[in-house]
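See structure below.
The values are calculated or read from the model by the stated rules, or taken from the named source; none is laboratory data. Quick caveat: nothing in here was measured; it's all calculated off a predicted structure. Quick reminder, even Gly has a Cβ in these numbers, built from the backbone with ideal geometry, and neighbours come from all protein chains shown. The protein model used for the area step is the full one, side chains on, heavy atoms only, and it has no ligands, DNA or RNA in it. Shrake-Rupley method; radii C 1.70, N 1.55, O 1.52, S 1.80 Å.
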Amino acid sequence: MDEWLSSLVFWTLAAVIVGSALITAFARTLVYAGFALLFTFLGVMGLYLYLAADFLGIAQLVIYVGGILVLLLFGVMFTQGGGLMKQPGRGAIQIPSAVMAVGMAFVVLLHVVLYTPWPVMAVERAAEPTTRTIGTLLLTKYLLPFEVASVLLLMALVGAVVLARREAKEQK
Amino acid sequence: MHFVPYLHEQFLSAWPASVVVLLVALIGAGIMLAWVALVALVAVWAERKVSAHMQARLGPIYVGGFHGWLQTVADGLKLFLKEDIIPAMADKWLYIQAPVLVFGGAFLAYAAIPFGPKLVVSDLNIGVFYILAMSAIVAVGIIMAGWASHNKWSLYGGMRTAAQFLSYEIPSALHLMPVIMYAGTLNLGEIVRSQETGLFGWAGIFGWYLFRNPFLFLSFICYYISSLAETNRTPFDLPETESELVAGYHTEYTGIRFAFFFMAEYANMFVAAALSTLLFCGGWNGVLSRNIQYLPDPVVFLLKCSAFIFLTMWLRWTLPRFRIDQLMALCWKFLIPLGLLNIVGSALWMYIFEQV
C-alpha cells in the first residue's frame, strides 16, 4: 500500500512537471508560457518535499516563484503588445541550432545522472530538519563558493544599475 | 503531526500508516477551511463596524439583531446568487484560475500556524519559511487576475502587485531574521516556547522577542509595516486603489469569484497578524508567567491576533494612501538597510549581553 502510494505521488508530480514544461515550451503566447512555468516550479517543489528535502523545496518556491517568475511576468507585461506577442517562425537555422543546444544539455545531464554518487538516507531519518545541516555546511565546507556566488550577484546588480542609468540619461 | 502515530496505534492499527496520514491531513484541511471562512465572516463584519464608528456612523445594525452581526452572511449569500460574468475579451482559462490561486495560496499558509502548543495541522520544521513562501503563490494569482481581465485598470493593479510584492518580500524576511537567530529554529511552536522566559529568567511579557533588545523592537515595527504592504492593506493598497484604478486587479470579477478575492484578503490579514503574534509577541504566552495563566492557550493567541487585526483596520481608516514612488523609497531606502542593521545589531547584542 505504502509503495503503491509513493509511486502514485511520484508519477503524479512527474506528469505535472513534464506536462506544464511542455506547455511552457510550445505555448504561442508568452504569458501562457510564464503561467505554465508556475506549475513546473510547484511540481519540482513537490519532488523536493517528496524526497524529504523540506528546506530546498520551500526555497525553490520562494526563489523561483516569488522572485524569478514574478519578475518574468512583470517583464512580459511591460514588453510591446503584452503577452500577445507571437513566437518567431521556425526557419532553417533555428532547428539545427536548437537540436545542438538541447543535445549538448542532454549529454551533460545524462553524465551527471549516471556518474554522481547519490547519497541515500534511511527513511527513519527523513523527518529530521535539514536546515541545521545546510547552514553548517554553508558556513564551513562551502563558505568560499557561497561568498564567490554572493560577490558575483553583487557585480551583476551593480552592472544592471549602471546599464539602466546610462539608458535613462540618453533618453533625456 | 505528532498525534498521527498515537492515533495510528490506538484506534486505526488495521490501516496502513500512509492512509492515516492522508486522513488526518484531509480532516485538518477541512477544519482550516471552515476556520478561514469564519475569520473572513467575522473580520468583514468587524471592519465595517470599526470603519463606521471611526467615521461617527453606526454601520450595519439590523440584520441578525445584535449590531447587524449577520450582515456578512447575508452579503455572502447575495454574492453566491449573483450572476457570474466573464468579460468577452477576457482570457477565460486564466480568468477562472486566478481566484483559485489567490485563495489557495492564502489558505495553504494556515497548515503551519499553531493555535496552541499542540494545536497545529502540520508541525513543520520550517514553518516560518513555509508561510512566507505561500504568499508568492498569492502574488502570481493577483498578476494572473490582472492580466486575464483584459482591462487596463486590472493590468495596472497586477503590475503594481508584482513590483510591491517583489520589493516587500525582502524586508519582511530580513526583519524576521533576528527572531530566528534568537530562537535558533524555524519551527513556529519552538519559537513560541523559546519566548517563555527572557532576560534574567523573567517570565511573561519580558520573554517576548519584542522586548528582548532594542533592535528586535525596531524589527517588529518594520516587519509590521512590510506585512501591511504584503497583504495589500492601506496605506499600501496600491494594487486596488479605488480613486485611480476603480478596484485594481479584481475590477472585472463578480459574484462568488470576487468573494474569493475578498476572503483571501482577510485570510492573509489573519496570517500576518498570527505571524506578528507568534514571532514577536509570545504567541500563546500571556502577559504574566505561564504558571499563573488561566486563559486557555488558543484564547490568548486569538486575543493577540484580534488586537493586531484591529490595529490594521485602525490604520486603514486613519492614514492616507502612499504614492507608488514613496512606497518603493520606503522599502529600498529605509526598511532594507534597517533590516541589515537589525541583524548585525541583534547578533552583537546576543554576543555581548547574552553570551550565545
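Here is how the numbers come out for the structure above:
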quantity	calculated
Cβ crowding within 10 Å averaged over residues, with B:151-160, B:23-32 ranked highest first	B:151-160, B:23-32
For peptides B:344-350, A:99-105, B:177-183, sequence by mean Cβ density within 10 Å, most packed first	B:177-183, B:344-350, A:99-105
Rg/Rh for segment B:271-310, where both radii come from Cα atoms and Rh is the Kirkwood radius	0.96
Nearest-10 value in Å² for the accessible area of A:Ile134, using the 1.4 Å probe	60
Mean Cα-pair separation over length for chain B, i.e. relative contact order, pairs under 8 Å, 6 or more apart, %	21
Exposure rank, largest accessible area first [B:Glu230, B:Glu196; 1.4 Å]	B:Glu196, B:Glu230
B:Arg290, A:Arg132, ranked by accessible area, largest first (probe 1.4 Å)	A:Arg132, B:Arg290
Gaussian network model of chain B, springs between alpha carbon atoms under 10 Å - residue of B:Phe280, B:Phe261, B:Phe80 with greatest fluctuation	B:Phe80
Shape of segment A:1-86, Cα gyration tensor, a/c cut at 1.5	oblate
Peptides ranked, highest mean first, by Cβ atoms within 10 Å: ranges A:37-43, A:135-141, B:58-64	A:37-43, B:58-64, A:135-141
Radius 14 Å from Cβ of B:Leu58, net charge of other residues (Lys, Arg +1; Asp, Glu -1)	+3
Reciprocal of mean inverse Cα separation for segment B:112-221 (Kirkwood radius, Å)	16.1
Cα-derived Rg over Rh, computed across segment B:41-161 with Rh taken as Kirkwood radius	1.06
Calculated Rg and Dmax of segment B:85-353 using C-alpha coordinates, Å	19.3, 66
Alpha-carbon Rg with Dmax, taken over segment A:10-56, Å	11.5, 36
Per-residue SASA entry for B:Ile170, accessible area with 1.4 Å probe, Å² rounded to 10	60
Residue-averaged beta-carbon neighbours from other chains (10 angstrom radius) around B:160-167	3
Cβ-based net charge around B:Met181, under 15 Å, with every Lys or Arg adding one and every Asp or Glu removing one	0
Using alpha carbons only: equivalent-ellipsoid semi-axes of segment B:234-282, gyration tensor based, whole Å	27, 15, 5
Charge sum, other residues only, whose C-beta stays under 14 Å from B:Gly105's C-beta, Lys/Arg counted +1 and Asp/Glu -1	-3
Other protein chain Cβ atoms within 10 Å, averaged over every residue that makes up B:171-178	0
Rounded if a/c under 1.5, otherwise prolate or oblate - segment B:52-98, Cα gyration tensor axes	prolate
Listed residues B:Ser227, B:Ser306, B:Ser289 arranged by accessible area, highest first, probe 1.4 Å	B:Ser306, B:Ser289, B:Ser227
Averaged over A:55-64, number of beta-carbon atoms from partner chains that fall within 10 Å	4
Global geometry of the protein assembly as shown, whether rounded, prolate or oblate, following the gyration tensor of its Cα atoms and the 1.5 cut on a/c	rounded
Top of B:Pro114, B:Pro16, B:Pro337 by mean-square fluctuation, Gaussian network on chain B, Cα under 10 Å	B:Pro16
Value at 222 nm in deg cm²/dmol, rounded to 500, when DSSP H runs of n ≥ 4 in chain B each add -39,500 (n - 2.57)	-21500 deg cm²/dmol
Segment B:53-209, relative contact order [Cα under 8 Å, separation at least 6], %	18
Percent carbon-and-sulfur accessible area, segment A:1-86, ignoring ligands, DNA and RNA, probe 1.4 Å	78
When each of B:Lys118/B:Lys304; B:Lys78/B:Lys304; B:Lys304/B:Lys333; B:Lys49/B:Lys82 is checked by Cα-Cα distance, pairs over 29 Å	B:Lys78/B:Lys304; B:Lys304/B:Lys333
Coarse-grained scattering of segment A:129-172 at q = 0.33 Å⁻¹, given as base-10 log I(q)/I(0) from a Debye sum over alpha-carbon atoms	-0.99
Nearest-ten-degree value, helix B:152-183 long axis tilted from longest Cα axis of chain B	10
